[in-house]
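Read the structure below first, then the notes.
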Amino acid sequence: MCGIVGYIGDGNAEKIVIEGLKKLEYRGYDSSGIAMNFGGKLAVEKRKGRITNLEEVLEKSDYPFENCHLAIGHTRWATHGAPSDINAHPHFSMDHRIAIVHNGIVENYLDIKEKLIKEHGIKFVSETDSEVIAQLLSVYYEGSLEDAMFRAISEMRGAYSICAIAADEPDKIVATRKDAPLLAGIGNGCNFLASDIPALLKHSREFYLIENGEVVVLDKNDIKIYNAEHKSVVRDVFHVSWDAASAEKDGYDHFMIKEIHEQPKGLTETLMRRLGDDNSIKLDGINLTKEDIDGFNKVYIVACGTAYHAGLIGKYAIEKFAKIPVEVDVASEFRYRDPFVDDKTLFIAISQSGETLDTLAALREAKKKGARIMSIVNVVGSSVARESDDVFYTWAGPEIAVASTKAYTTQLMCMYLVALYMGRVKGAIEDAYYNRLIEELKEIPSKLRKLLGTEHQIQDLAKTLYKTEQVFFIGRGTDSAVGLEGSLKLKEISYINSFAIAAGELKHGTIALIEKDTIVVALSTQDDLFEKMLSNIQEVKARGAFVIGVAKEGNTAIEQQSSHTIYIPKCMDEVAPILAVVPLQILAYYIAKERGCDIDKPKNLAKAVTVE
Ligand code: F6R
């Protein structure tokens, strides 16, 4: 995830900023860089890879660091443009008089870029959206960086935190934010900026939290905050008492629960960047014409683990919305059975890391057979992304906990978008139904926030369940796929033996294992299957099971059958999986916590599985 650090004061700015960036390394990044002002002359250094690569360059340089009292730095997690030296931040304006670092996205950067090229003859050097900010600031700069910043942000759409310096103002850093974090650290004879508290804890525990639309101006003795009307505002000091370890997790005990809470944001990013005002879907420049889509006789979705579970929902969505037959397979099986794949197949690989060897090998196999390869990947520039014909990124941000949570829900969002896009282009979905679904997807982040507000109820439930050694997950339709994911979450972090099965299949054997107090999580979020689920619940209840029903608000009939009910907000059945999985993630988390497990690094597991 991108990180920002800025410093102004009498100390060695280069050293302080690099130290701050290192404190953000845990969040994941692919390149880093620094911009310094040496008494009116700006210097920028940036390198792909670890911060040590950047340090090597700085060590070999002959910059007079003792004269550098102002610097801004950045760790980049690639979004627009692959990880590279050129795409790394900071970005210079064409005249090298302004340098910026940026977290987030400028949604309308292509329009701004075109205007800057046409009207001002600006030459761009990187593939990033961020470079437009530096160029825009230099076009508007008339001696006051904050004035230029106000003008620039009035033209920008998207989510961002930006930090800028100007050669002509060697005693000032200017920053702003919208929907991306930014805080100013209060020092003694010096001041700081950062996207995240851990970057600055060594130097300060007193912060001003910058609000959306505000512009903050730092010199070494003062921090001035201006609101969107350019009026100076007074902000209360925010005092941080966390230690460094909990600050990395924003005060959460584990990355997993932090990432569970990051899902509304990740889903907003994944969805809103792709939606036009008229609800049309843009697939990031993927050229999938009606002719292409009509030409596919089959879609093959291949992935591992959690990503495979997302693929199961993808099958449901593509078949329903685009009316194309879909097969889903685990990558480790796919390539060993000579699958029916040819040049009429659309092959979709799903992978958070983009480095899972089995998924990569399956992709290569499908490519050899002539399939068109699309991937849904979280890590920009990863192997799966590079070897695909088309890439559709999940914008979950880096996932640090081994157990996947926000990558899964954003993979689901991508699957819905791909399915709806194909359905619309193909003419397989009616406009009214399409629009209803898009409106439902737009509401998912706020419904998820509401659901996360009930976390403590699930935490209490976990306290009563954590000693169990066996849990079953049952469901019908998409709920059976969500059950697989809930079961995987539970077993991988709590080491409880769990098993997921289609509810209708239970009586064909597995029901033999249900006895008094066996825990059964009964996913019952599909309205047209609700009554059938109630019958399945009765079957296990009759054998003494402790049933945890998961249903939509309003479907209270489930309470008579279940020992405990978890409600998710009302929604269309089609999109319910994104909501239904979240209580299961939370339940797994708190059960594992009660059992004292090492949640973020479960035994025997790795974040990226690069072996067969
Ligand atoms: C489970 C989990 C794994 C991964 C699987 C695929 O929580 O994270 O099952 O989903 O190893 O990894 P990616 O998505 O990186 O290909």
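A quick yes/no check of all residues on (1) of a type outside the set (Phe, Trp, Tyr); (2) assigned by TED's automatic domain parsing to the domain that holds SER84; (3) within 16 Å of the ligand (Cβ to nearest atom); (4) surrounded by 24 or more Cβ atoms within 10 Å (Cβ to Cβ):
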{"position": "ILE324", "(1), (2), (3), (4)": "yes, no, no, no"}
{"position": "GLU327", "(1), (2), (3), (4)": "yes, no, no, no"}
{"position": "ARG335", "(1), (2), (3), (4)": "yes, no, yes, no"}
{"position": "ASP343", "(1), (2), (3), (4)": "yes, no, no, no"}
{"position": "THR359", "(1), (2), (3), (4)": "yes, no, yes, yes"}
{"position": "ALA385", "(1), (2), (3), (4)": "yes, no, yes, no"}
{"position": "VAL402", "(1), (2), (3), (4)": "yes, no, yes, no"}
{"position": "LEU417", "(1), (2), (3), (4)": "yes, no, no, no"}
Using beta carbons and a limit of 7 Å, which pairs, at least six apart or on different chains, have the first residue in region 366-385 and within 21 Å of LYS406 (Cβ to Cβ) and the second one in a strand (DSSP E or B) and near the ligand (Cβ under 9 Å from one of its atoms)? SER375/ALA349; SER375/SER351; ILE376/ILE350; VAL377/SER351; VAL384/ALA349; VAL384/SER351; VAL384/VAL377; ALA385/VAL377
Residue count, region 420-470, condition within 30 Å of VAL326 (Cα to Cα) and of a type outside the set (S, T, N, Q), comes to 27
Would you confirm whether any residue within region 193-200 is over 17 Å from HIS230 (Cβ atoms), of a type in the set (A, V, I, L, M, F, W, C) and in contact with a Lys or Arg (Cβ under 6 Å, 6 or more places away or on another chain)? yes
Which one of PRO445, PRO398 is closer than 14 Å to GLU262 by Cα, at pLDDT below 95 and either part of a helix (DSSP H, G or I) or within 14 Å of the ligand (Cβ to nearest atom) (or both)? PRO398
Let me confirm something: among ASP277, ASP294, which residue is farther than 16 Å from ALA407 by Cβ, charged (D, E, K, R) and assigned to a helix (DSSP H, G or I)? ASP294
Could you list all residues from region 54-99 that are surrounded by fewer than 20 Cβ atoms within 10 Å (Cβ to Cβ) and β-branched (Val, Ile, Thr)? VAL57, THR79, ILE86
Determine which member of the set ILE474, ILE493, ILE511 is touching a strand residue (DSSP E or B) at 6+ places or on another chain (Cβ under 7 Å), surrounded by 15 or more Cβ atoms within 10 Å (Cβ to Cβ) and of a type in the set (A, V, I, L, M). ILE474
Exception for SER195 within (1) modelled with pLDDT under 95; (2) closer than 25 Å to ASP10 by Cβ; (3) surrounded by fewer than 16 Cβ atoms within 10 Å (Cβ to Cβ) falls at (3)
Mind checking whether some residue in region 594-611 is within 11 Å of THR525 (Cβ to Cβ) and touching a helix residue (DSSP H, G or I) at 6+ places or on another chain (Cβ under 9 Å)? no
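Table: residues versus (1) modelled with pLDDT of 95 or more; (2) within 11 Å of LEU70 (Cβ to Cβ); (3) assigned by TED's automatic domain parsing to the domain that holds PRO398.
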{"residue": "ASP10", "(1), (2), (3)": "no, yes, no"}
{"residue": "ILE16", "(1), (2), (3)": "yes, yes, no"}
{"residue": "LEU24", "(1), (2), (3)": "no, no, no"}
{"residue": "ARG27", "(1), (2), (3)": "no, no, no"}
{"residue": "SER31", "(1), (2), (3)": "no, no, no"}
{"residue": "ALA35", "(1), (2), (3)": "yes, yes, no"}
If you check TYR466, TYR495, which single one turns out to be within 15 Å of the ligand (Cβ to nearest atom) and of a type in the set (Phe, Trp, Tyr)? TYR495
For region 584-594, indicate whether the set of residues that are surrounded by fewer than 23 Cβ atoms within 10 Å (Cβ to Cβ), in contact (Cβ under 8 Å) with a residue 24 or more places away in the chain and either within 16 Å of the ligand (Cβ to nearest atom) or in a loop (DSSP other than H, G, I, E, B) (or both) is non-empty. no
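The values are calculated or read from the model by the stated rules, or taken from the named source; none is laboratory data. Just so we're clear, the structure is a prediction, and the values are computed from it rather than from any experiment. When we count neighbours, we look across all protein chains shown, and the Cβ atoms used for this are built from the backbone with ideal geometry, even at glycine.
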